[in-house]
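Contents: one structure, followed by commentary.
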Amino acid sequence: MNAQSQLSGSELFDVAIIGAGIVGCAVARRFALAGAKVALIEKGSDILSGASKANSAILHTGFDAPKASLELALVQAGRQEYLDIHQDMNLPLVETSALVCAWTPDEASKLEGITEQGRQNGIDRLRLLTSAEARTVEPGLAHNLVAALHVLDEHVIDPWSAPLAYVNQAIALGANVLRQCEVRAGAFDGTWLLETNRGDIRSKWVVNAAGLFGDHVDARLGFQPEFLIKPRKGQFVVLDKAASRQLKTIILPVPNEITKGVVVCPTAFGNILVGPTAEEQDDRIRATVEHDTLAALVAHGSKLVPGLAHIPVTAVYAGLRPATEKKEYRVIHRAGHNAITLGGIRSTGLSSALGLAQHALKLHGGAERGEFASSATPKVHMPNLAESRPRDWQAANHGDIVCHCEMVTRREIEATLSSPLPPGDFGGLRRRTRAGMGRCQGFYCNARLAEISKGYLATPLAVEQEGGK
Amino acid sequence: MNRSDVIIVGGGPSGVAAAIAMRKAGVGKITLLERERYLGGATRHCGHSPFGMLEFGRVYLGAAYGRRLEREIARHDIDLRYGHSVAQLGEDGELLVANPDGLQTLSAKRVLMTTGVRETTRAARFVTGDRPVGIVTTGTLQAYAAFHNMMPFHRPVIVGSELVTLSAIWTCLSHGARPAAVLEPRSHSLVRAPLNWFPPLMGVPFHRDAQVVDILGRGRVEAVRIKRGDIVETIECDGILFSGGFTPEASLFLTSGLAVDLGSAGPAVDQDGRCENPRYFAAGNVLRAVETGGWAFREGRAIGTALAADLLGDPARAAPTKVTYDAPIKLVVPSLLRSGSALPGGLKDFQLRFQRRVEGTLSLSIDGREVWQRNAIWRPESRIIVPRPNNSTGAQSVHFGFREEV
Ligand SMILES: Cc1cc2nc3c(=O)[nH]c(=O)nc-3n(C[C@H](O)[C@H](O)[C@H](O)COP(=O)(O)OP(=O)(O)OC[C@H]3O[C@@H](n4cnc5c(N)ncnc54)[C@H](O)[C@@H]3O)c2cc1C
Ligand SMILES: Cc1cc2nc3c(=O)[nH]c(=O)nc-3n(C[C@H](O)[C@H](O)[C@H](O)COP(=O)(O)OP(=O)(O)OC[C@H]3O[C@@H](n4cnc5c(N)ncnc54)[C@H](O)[C@@H]3O)c2cc1C
């Protein structure tokens, strides 16, 4: 469907999902797999335009999630489904494990409690380590480490290819993905009529997965919002790939009440990231990076892992967590109105998305009632962007390397531009291919990318020349 | 496997000059790997600069200079491979190389790294603000204009005051873009003469002591907020160009675990251009930021000459002595010295840079004895040359001292 085409409103969808963040993408897939006729509606020029464009990419176990919470159950269900499907979809799983590091005796005294909670949460592979033991696991750690908890099953994934894979599978099952399409209002009279900037959409059910705008969208649908989004910004620094020689494990702090805190973490792409911060703000869109914070993150990283000192910075970014006034997920099922809200998916959404999707389908109940006819599961095979597995540049006939820092080939870029869901903006192109994401940030390749991506991106890289050249 | 005598990584002026010098000195199999489809490196997209005066006795613009290098190479028996991107350096001189047919391993008795420089990105500068489209460096702008006849903006704010900043302004003006302002965060521009009059002459305001404190823009850049003294003002623009802040393209050393000098951020080399790992040599701007194309060419030739002589024996075994220096000296090249090696060519002088503008006395001491000194105002990014005494290679200690005038 043409990105700008008007909608007629004549089609009746089984479910309209508002928001193509990681959660909306997973929900679209789950309903499409069940056989539902799905519309995935996103106001941004591409999927992952909100909270989901910037996170730490950790596939959590839930060892530190609140006991017996919905969040814990969904993180574990989501994680399990990811483990089940990632090979089929060619999505990476980097088995890094994590060390919760105590740098003071006071922090060390909390490790027992964390271990206990982890056990109660059903995570068995936990080991309390002395400083020396922890440094045999991760020789890069600073010597002033007091003790650590080794969480063997915390892993790292590709945070952008995963949701894209979910959407691709939904599309292969006939789902409609509407971008640059903002839901402005909705009315329910047995079915939903959603009013958007591109025309009306009719649907039997609606799922609000609007992330940072979850409360606003509930209000637009005519509901009294039951929660208030309070965005919490997280800034990151990404260190050069040289840093990956210094660290293989996720380094977690002993958590405090407010946040999981700053981690030092390998990425699937072979970098090390330091972050995120946790800064409350009112703005739901602007996620700025700030000079002093970034400098402090770099210093923090090399305090914990001294080998990171002097490693150049590749990138900096910031994301907003869709936090609310409460810690827990705000999942609301309004049965009489055929509506489900998946709100306040604050800091574990990448891990729980597939679990949230299962949960939403269960709340809907249509699959059990036999309302949908499911067909065979279409195969989705994602191009691998993870460093740990073969990349396209290592294979023959890739037709030139365009981005030298991330070794992105012309073939990869052309494939993504002609895929069922081509990138809608430069961020989307970067997330799909990694082009321009490396240490030179486009010094060598940006001009070539501008040429290749001409006509595809909502904000093109090159400006219109005077005289229409 | 078909082993080369030398593999050169990078076909800019220094790599090409080294290849030809080694061929003339009788080296057998020379392989030059270049990841692009052309020679000339960074000179290729410099549409304006005069290149080639000293090496070819005539003046070329960037692209023509690159074509001249291609003609020169063609006259010699050199195994030139385009589209070959080196992905990893092995301790023993084995290189992992990507080319359009896939991956291959190439090996040589010696490897010469001539991978040049790039500019510091907005990310590495930690500039506060949004991250919209339209933020580039000079090299990127030049590539838009020279290779694709496109522009990334109409009305950019330009940050920096190095020579390359002039090149950025020139590229804008000659391609229909009008810079909204030129900013230098420091109180002195890094190059003096032209920057004081060129931008104002072209109607572009030039502010010293001006910092970008915020970048605004959702899709594309919409404005920057700058701070001058206590005043914060907003300048509307549709792009930002960060010029200069050159840094050696030494990532292959870093990711392969080979030694990098903390001062220059390039590979540490000795007087012959030889790295800590004696199978590796380096020349051109990868050694330090930043020199002209002509300098890179001559340096490539000199180090190529030394390398050709080095090939007659085994890789050097002597452990290098480190050259030490006081702050605010930023870097010294060569930063290593090896005794017992008296090859032709190589680095006859020490090259220095300062971190900041400072007045005082720079001195060189060998084994505790001062052998050279000079008092001056020293500027960052300006070339400083100190003749390298012959006895420096046998010395226990070689130290650059600095006494600041207060
Ligand atoms: C700094 C940081 C680090 C994190 N680290 C991790 C981690 O390591 N592991 C982990 O599991 N999780 C992590 N998370 C959490 C995870 O990223 C979030 O939980 C997840 O992204 C939330 O996704 P979402 O789909 O609910 O929201 P969003 O991604 O915000 O998606 C909502 C979408 O709805 C769209 N939208 C809004 N309003 C409308 C409308 N009216 N019409 C149409 N579309 C609309 C938006 O444009 C947006 O694309 C982290 C988050 C942050 C910020
Ligand atoms: C934006 C910019 C503007 C400049 N403007 C001027 C100017 O106006 N005048 C001037 O005199 N100098 C200028 N310079 C300085 C320039 O660095 C020198 O002129 C000269 O190009 C340096 O030569 P070199 O051989 O050291 O490196 P380069 O010319 O940079 O050549 C390096 C070569 O190595 C190749 N390479 C890098 N990595 C790999 C790899 N892994 N595998 C294979 N090949 C690789 C590159 O593709 C490139 O061709 C400018 C530099 C820049 C970046």
*Which loop trypsin sites (Lys or Arg not before Pro) in the range B:202-258, with loop taken from DSSP, have no more than 15 other Cβ atoms within 10 angstrom of their Cβ?*
B:Arg218
*Apply the Karplus parameterisation 6.51 cos²θ - 1.76 cosθ + 1.60, with θ equal to phi minus 60°, to every residue of the range A:108-116 and state each ³J(HN,Hα) to the nearest whole Hz, in sequence, with x for glycine and proline.*
4, 5, 8, 5, 4, x, 5, 4, 4
*Residue by residue, what Karplus-based ³J(HN,Hα) values in Hz, rounded to whole numbers, does the range A:292-302 have, using 6.51, -1.76 and 1.60 with θ = phi - 60° and x for Gly and Pro?*
5, 5, 5, 4, 5, 5, 4, 5, 4, x, 7
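Of the beta bridges DSSP finds with both residues in the protein assembly as shown, what % are antiparallel, to the nearest 5? Can you show the working numbers first?
Numbers: 105 of 157 bridges.
Beta bridges within the protein assembly as shown, antiparallel portion: roughly 65 percent.
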*Roughly what would the spin-label model give for A:Arg127 and A:Ala296, points 7 Å off Cα along C-beta, in nm?*
3.5 nm
*Looking only at other chains, what is the average number of their beta-carbon atoms within 10 angstrom of each beta-carbon in B:163-170?*
0
*asked:* Can you give the FRET efficiency to the nearest 0.05 for A:Lys454 and B:Asp209, using r as the Cβ-Cβ distance and R₀ = 30 Å?
replied: 0.15
*With a point put 7 Å past each Cα toward its Cβ, work out how far A:Ala185 is from B:Asn390 in nm, to one decimal.*
9.3 nm
*What angle, in degrees between 0 and 90 and rounded to the nearest 10, separates the Cα long axis of helix B:293-310 from the longest principal axis of the Cα atoms of chain B?*
20 degrees
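Using 1/(1 + (r/R0)^6) with R0 = 41 angstrom and r between the beta carbons of B:Glu91 and B:Arg71, what's the FRET efficiency to the nearest 0.05?
Working: r = 36 Å, r/R0 = 0.88.
Computed FRET efficiency for B:Glu91 and B:Arg71: 0.70.
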_For a label point 7 Å along the Cα-to-beta-carbon line of A:Asn397, residues of the range B:76-102 with backbone N under 20 Å_ = B:83-84, B:98-102
*Are any of the pairs A:Lys53/A:Lys230; A:Lys37/A:Lys379; A:Lys53/A:Lys379; A:Lys248/A:Lys326 more than 23 Å apart by Cα-Cα distance, and if so, which?*
A:Lys53/A:Lys379; A:Lys248/A:Lys326
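Across peptide B:136-142, what mean number of C-beta atoms from other chains lies inside 10 Å of a residue's C-beta? Each step should come with its number before you reach the end.
On the way: counts 7, 6, 1, 6, 11, 2, 1.
Partner Cβ neighbours, averaged per residue: 5.
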*For helix B:138-148, what angle does its Cα long axis make with the longest principal axis of chain B, in degrees from 0 to 90 and rounded to 10?*
90 degrees
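Which whole number gives the average count of other chain Cβ atoms within 10 Å of the Cβ atoms across peptide A:386-396?
Working: counts 0, 0, 0, 0, 1, 2, 0, 7, 5, 4, 5.
Across A:386-396, the average partner-chain Cβ count within 10 Å equals 2.
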*Return the whole-Å distance between the Cα centroid of the range B:106-185 and the Cα centroid of the range B:372-406.*
32 Å
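Using Cα pairs closer than 8 Å and at least 6 residues apart in sequence, work out the relative contact order for chain A, in percent.
On the way: 1037 pairs, mean separation 100.2, N = 469.
The value is 21 percent.
Could you compute the FRET efficiency for B:Asn196 and A:Asp283, with r as their C-beta to C-beta distance and R0 at 41 Å, rounded to 0.05?
Working: r = 40 Å, r/R0 = 0.99.
After rounding, the FRET efficiency stands at 0.50.
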_Residue-by-residue Karplus 3J(HN,Hα) for the range B:121-126, coefficients 6.51, -1.76, 1.60, Hz, glycine and proline x_ = 7, 4, 4, 6, 8, 6
*Using a/c under 1.5 as the rounded threshold, could you call the range B:10-142 rounded, prolate or oblate? The axes a ≥ b ≥ c are square roots of the C-alpha gyration tensor eigenvalues, and prolate needs a/b larger than b/c, oblate otherwise.*
oblate
_On C-alpha positions alone, give me the angle between the axis of helix B:163-174 and the longest principal axis of chain B, in degrees, nearest 10._
50 degrees
*Simple spin-label model, 7 Å along Cα-to-Cβ: A:Asp200 to A:His310 in nm?*
6.8 nm
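Coordinate-derived values only; no laboratory data. Computed from a predicted structure; not experimentally measured. Ideal geometry is used to build each Cβ from the backbone, glycine not excepted, and the neighbour counts take in all protein chains shown.
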